[in-house]
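Enquirer: Structure below; questions to follow.
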Amino acid sequence: MKNPFEKMPTILTADELIDKAFRRAEKAASAFTPRGNPISKARQREELRVRTVSNILRDSLKKILDRTPGVSTLPEFYRELVDTLVDRNQFHKALASVNWAIKTIRTLEQRYAEKIRYSKDPEEIARLRRQFYGRVASVIKDIADNLEYLNQARNVLKELPVIELDLPTIVIAGHPNVGKSTLLRQLTNAKPEVASYPFTTKGINVGQFEEHYLRYQVIDTPGLLDRPLSERNEIEKQAILALKHLGKVIIYIFDPSEYCGYPVEDQMHLFDEIYAEFREFPFIVVLNKVDVASEGKIMEVEEFVKSRGLEPLRIVAKDGRGLGMVKEKIMELTRPMMEERARKLMEEELKKYREEEF
């Protein structure tokens, strides 16, 4: 799936929009050669200016509406992120004001074009056109704040991560430097794609792997699931909640060697917070760097994990040791979802086949 706001256009300020419409109107009038007597020529030229200004303004505004998806139609993951990043009510209010401006400008266009068409006084014709310019400029200035807000929202929303929502997604958690990116690279056997993510400085790392003709998605969100939730601001907490609509399995990584810079006690504390927050998800707990960790530390972490009702796996992510077990565990935990997805895909293919037959 692409970023749903990918096609949202750059939004001009009110002054830029007005200036663009007036310049285009003058250019159109200059290139136009009217026919008839002087009054008829004045009518045609001024009506052209009125309709050109109206068309430019309405087309520019309509493009905003046409290329901005309805928030309520988005998948839950993106809907949560939008609610976190921009105020949904204000966003809808701003879009509604744009729709109001389009209709108002169209009404003014029809009204003034008709007045100009039936006027017999050249001075009145010019005055009506100037009056129309003033009225539509006022309409655009009335929505100036909303246009500015929408452009700011666009700049943020275009940075939403691009995630394939129909794939089973495994989210990696754990302190910095415990080996999350190494595990991601090893699992996906490729350099992870780094997509921008509004809540982190490093972006979201996305990778995929295929097993038994089925694809799986693995993501790491640097800056989100790598420090205690108690240290988060409200926006970060909401962003973490949005991940609940995306992830199907959580892989939590411990580094019992403590080379990551965090003692195992801190790692246990973070695990308890993440585990409590995502308790409805199946967890895969791995102990990385067991080749350089002391057996005492490894056993300390293992006892802690087992006390939470989980069975830890020992791995060495840098050389791929133990990754087969991790993949098997992922497939075991996601099997119901994958079977359901395979069933739907098969039904879709059979439906196409039947339609082709008839």
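The values are calculated or read from the model by the stated rules, or taken from the named source; none is laboratory data. Everything numeric in this text was worked out from a predicted model, so none of it was measured. Backbone-built Cβ (ideal geometry, glycine too); neighbour counts: all protein chains shown. Heavy atoms of the whole protein, side chains included, go into the accessibility calculation; ligands, DNA and RNA do not. Shrake-Rupley method; radii C 1.70, N 1.55, O 1.52, S 1.80 Å.
Enquirer: Nothing charged except the Cβ atoms of Lys and Arg (+1) and of Asp and Glu (-1): what's the magnitude of the dipole of the chain about its Cα centre? Round to the nearest 20 debye.
Expert: 2960
Enquirer: Given (1) 19.7; (2) 25.3; (3) 16.1, which label gives mean projected area of the Cα convex hull in nm² as computed from the coordinates?
Expert: Correct label, based on the coordinates given: (2).
Enquirer: To the nearest 500 deg cm²/dmol, what mean residue ellipticity at 222 nm is calculated for the chain from DSSP H runs of n ≥ 4 alone, each contributing -39,500 (n - 2.57), summed and divided by the residues?
Expert: Rounded to the nearest 500, the figure is -19500 deg cm²/dmol.
Enquirer: Please work out whether region 28-91 counts as rounded, prolate or oblate from its C-alpha gyration tensor, where a ≥ b ≥ c are the square roots of the eigenvalues and a/c under 1.5 means rounded, while otherwise a/b larger than b/c means prolate and anything else oblate?
Expert: The shape class here is prolate.
Enquirer: Which value does Rg/Rh take for region 252-358 over its C-alpha atoms, Rh per Kirkwood?
Expert: 1.22
Enquirer: Which whole-Hz couplings ³J(HN,Hα) result when phi for each residue of region 300-315 is put into the Karplus expression 6.51 cos²θ - 1.76 cosθ + 1.60, θ = phi - 60°, listed in order with x for Gly and Pro?
Expert: So the Karplus estimates, Gly and Pro as x, are 4, 5, 4, 5, 4, 5, 5, 5, 8, x, 10, 10, x, 10, 8, 9 Hz.
Enquirer: From largest accessible area down, sort Glu231, Glu26; use a 1.4 Å probe on the protein chains.
Expert: Glu231, Glu26
Enquirer: Heavy atoms only, probe 1.4 angstrom, no DNA, RNA or ligands counted: give me His245, His175, His269 ranked by accessible area, highest first.
Expert: His269, His245, His175
Enquirer: Report, to the nearest 10°, how far helix 122-142 tilts away from the longest principal axis of the Cα atoms in the chain, using its own Cα long axis and a range of 0 to 90°.
Expert: It works out to around 20 degrees.
Enquirer: Here's something else I'd like to know. Considering only protein heavy atoms, what per residue accessible area in square angstrom results for region 1-123 with a 1.4 angstrom probe?
Expert: 56
Enquirer: Based on alpha-carbon centroids, what's the gap between region 276-315 and region 16-60 in Å, whole number please?
Expert: 72
Enquirer: Three principal axis extents, largest first, for the C-alpha atoms of region 204-310, in Å?
Expert: Ordered largest first, region 204-310 gives principal extents of 41, 37, 25 Å.
Enquirer: Another question, then. Sorting Glu124, Glu16, Glu109 by accessible area (1.4 Å probe), largest first, what list results?
Expert: The ranking, largest first, comes out as Glu16, Glu124, Glu109.
Enquirer: So what does Thr73 come to for accessible area, using a 1.4 Å probe and Å² rounded to 10?
Expert: Approximately 110 Å² for this residue.
Enquirer: Also, quick follow-up: Note down the net charge around Glu6, summing +1 for each Lys or Arg and -1 for each Asp or Glu among other residues with Cβ under 13 Å from its Cβ.
Expert: Local net charge: +4.
Enquirer: Out of Gln267, Met337, Ile251, whose Cα points farthest toward the positive end of the dipole of region 249-358 (charges: +1 Lys, Arg; -1 Asp, Glu; placed on Cβ)?
Expert: Met337
Enquirer: With a 1.4 Å probe and every protein chain left in place, tell me how much accessible area Glu76 has, in Å² to the nearest 10.
Expert: 100
Enquirer: Within the accessible area of the chain, what % is carbon and sulfur when the probe is 1.4 Å and the other protein chains stay in place?
Expert: Solvent-exposed carbon and sulfur of the chain make up 48 percent of the total.
Enquirer: How far is helix 76-85 tilted off the main Cα axis of the chain, in degrees rounded to 10, range 0 to 90?
Expert: Tilt relative to the chain: about 70 degrees.
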